[in-house]
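Below is one structure, written out as structure tokens; comments come after it.
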Amino acid sequence: MTDLPWKRIVVKVGSALIAPNKQGCSSHYLLGIAQFITYCRAQGIQVVLVSSGSVAAGWHHFNVEANPSVTVKKAMAAAGQADMMATWNKLFDFPTAQLLLTHGDLRNRDRYISIKDTIFSLLEHGLLPIINENDAVTADKLKVGDNDNLSAMVAAAADADTLIICSDVNGLYTQNPHEHPDAQLIKRVTEINAEIYAMAGETSSAVGTGGMRTKIQAAKKAISHGIETFIINGFDADSFNQLLKGQNPGTLFTPDEKPMQDHLHWMTHTSQAQGEVIVENDFNIALDIHSQQLTSDDVVEVKGDFSVGDTILVRKDDGTKLAKAKSNYSSCLLNFITEQEDRQFASEFQQKTGPIISEKNIAILE
């Protein structure tokens with residue numbers, strides 16, 4: 001073992017590790033993960049656990065072979081969540097705490113800050129936060145959809161320095177190793193680009209909702225916040241032994257040299273746009289420094305139903321995404337201004353009410 005450089009880590013465990021056969025929870029693969037977490041805590045490293053598995057854990061309570069309805073899946077999640085927490089609690093000799101989140105919680109700035117405060121308080125008092133999406137109640141429009149991306153959002157909220165995503169393969173390969181025996185493991189990724197995304201296939205697990213692509217998406221979110229990210233084989237206990245020795249057992253994604261500020265990262269990667277403000281294709285104002293120059297004269301169309309303070313997407317008419325920003329106008333008021341034939345009236349009205357978006361609440365998109 002070696003002295004580890006981490007101060008706070010997030011470990012993401014998938015459904016296939018929790019309930020590999022849909023016959024309830026199994027500790028077979030979890031024991032090594034629990035030992036790793038216990039060792040990290042003993043070294044003074046704070047740990048947050050993002051654990052999938054509630055649907056898979058509750059599956060055996062229902063007489064369903066395959067393709068259950070959404071309602072039955074919610075019931076499975078409600079039944080399985082208790083079993084999953086009980087399984088984890090058996091493996092730890094320290095207290096744990098359960099947090100069930102939805103994307104609706106994370107994309108609301110006040111609730112997001114509340115989640116941060118709760119995580120920090122639990123860690124300060126020595127508890128292990130165990131976080132999962134609240135599959136039993138959440139509606140589709142409020143879902144993150146997979147716990148890979150959820151783990152990255154949690155890692156950002158927790159100000160973690162490392163995210164460890166457990167997979168059913170050793171890491172990112174040049175091709176799907178289940179289908180291509182000659183696929184090569186990529187040990188280190190310094191930039192996530194189209195080529196990296198092209199290497200990611202679909203999920204190979206019968207019980208999971210994510211695949212390698214969602215893990216790459218999660219890594220992208222994490223490294224842009226300055227969080228180094230590992231994708232490792234969670235089924236192989238030696239993966240965790242290697243981590244404890246300071247070795248890389250899978251694929252390491254190195255963090256960006258200039259991480260995004262927390263509120264800009266939240267707006268870019270966590271907050272969901274409630275509507276769109278569409279501008280002319282020849283719009284060329286630098287929104288990062290001249291955002292207040294965006295006026296109703298530039299707006300071609302307003303899409304969606306949003307309120308003051310909601311996040312909106314600013315894009316060109318050809319689909320080019322320019323920025324996500326906090327709107328100072330409701331969609332109703334912005335539509336009213338842009339539809340005025342008297343442009344002088346519209347200009348004077350906006351001068352009195354202020355800019356559509358402000359420089360301090362905007363995230364420029366690549």
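The values are calculated or read from the model by the stated rules, or taken from the named source; none is laboratory data. Being a predicted model, the structure only gives us computed values, none of them experimental. Glycine gets a Cβ as well: all are built from the backbone with ideal geometry, and neighbour counts include every protein chain shown. Note: accessible area is taken over every heavy atom of the protein model, side chains too, but ligands, DNA and RNA are not part of it. Shrake-Rupley method; radii C 1.70, N 1.55, O 1.52, S 1.80 Å.
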Ranked by GNM mean-square fluctuation in the chain (Cα springs under 10 Å), the top entry among 176, 248, 281 is 281
Taking only the Cα atoms of the stretch 274-341, how large is their convex hull per residue, in Å³?
78
Past 25 Å, Cα to Cα: identify those pairs from 220/326; 258/316; 12/326; 7/258; 12/321, in the order given.
258/316; 12/326; 12/321
Picking from 152, 218, 66, which is most flexible by a Gaussian network model of the chain using Cα springs under 10 Å?
66
What's the center-to-center distance, using Cα atoms, between the stretch 1-47 and the stretch 51-85 in Å?
22
Compute the convex hull volume of the Cα atoms of the chain, divide it by the residue count, and report the result per residue in Å³ as a whole number.
147
Average accessible surface area per residue within the stretch 302-366, 1.4 Å rolling probe, Å²
56
Assign unit charges at the C-beta atoms only (+1 for Lys and Arg, -1 for Asp and Glu), then state the dipole size of the chain relative to its Cα centre in Debye, rounded to the nearest 20.
1080
Toy charge model, Lys and Arg Cβ at +1, Asp and Glu Cβ at -1: the stretch 217-366 dipole around Cα centroid in debye, rounded to 20, equals 540
Based on the Cβ-Cβ distance from residue 321 to residue 124, what FRET efficiency comes out when R0 is 41 Å, to the nearest 0.05?
0.60
Return a whole-number percent for the relative contact order of the stretch 38-93, with Cα pairs under 8 Å and 6 or more residues apart as the contact set.
40
tail above 27 Å in the computed P(r) of the stretch 222-366, as % of all Cα-Cα pairs, reads 37
Dipole moment magnitude, nearest 20 debye, the stretch 1-157 about Cα centre, only Lys, Arg, Asp, Glu C-beta charged
180
The stretch 1-123, accessible area per residue, ligands and nucleic acids excluded (1.4 Å, Å²)
46
For the charge dipole of the stretch 254-300, defined by +1 on Lys and Arg C-beta atoms and -1 on Asp and Glu C-beta atoms about the Cα centroid, which residue among 272, 254, 300 has the Cα displaced farthest towards the positive pole?
254
Treating cross-link reach as a plain straight distance, find the aspartates and glutamates whose alpha-carbon is under 14 Å from the alpha-carbon of residue 116, omitting any fewer than eight places away in the same chain.
105, 124, 159, 262
When the helices in the chain are scored as -39500 (n - 2.57) per DSSP H run of 4 or longer and the sum is shared across all residues, what 222 nm value do you end up with, to the nearest 500 deg cm²/dmol?
-10500 deg cm²/dmol
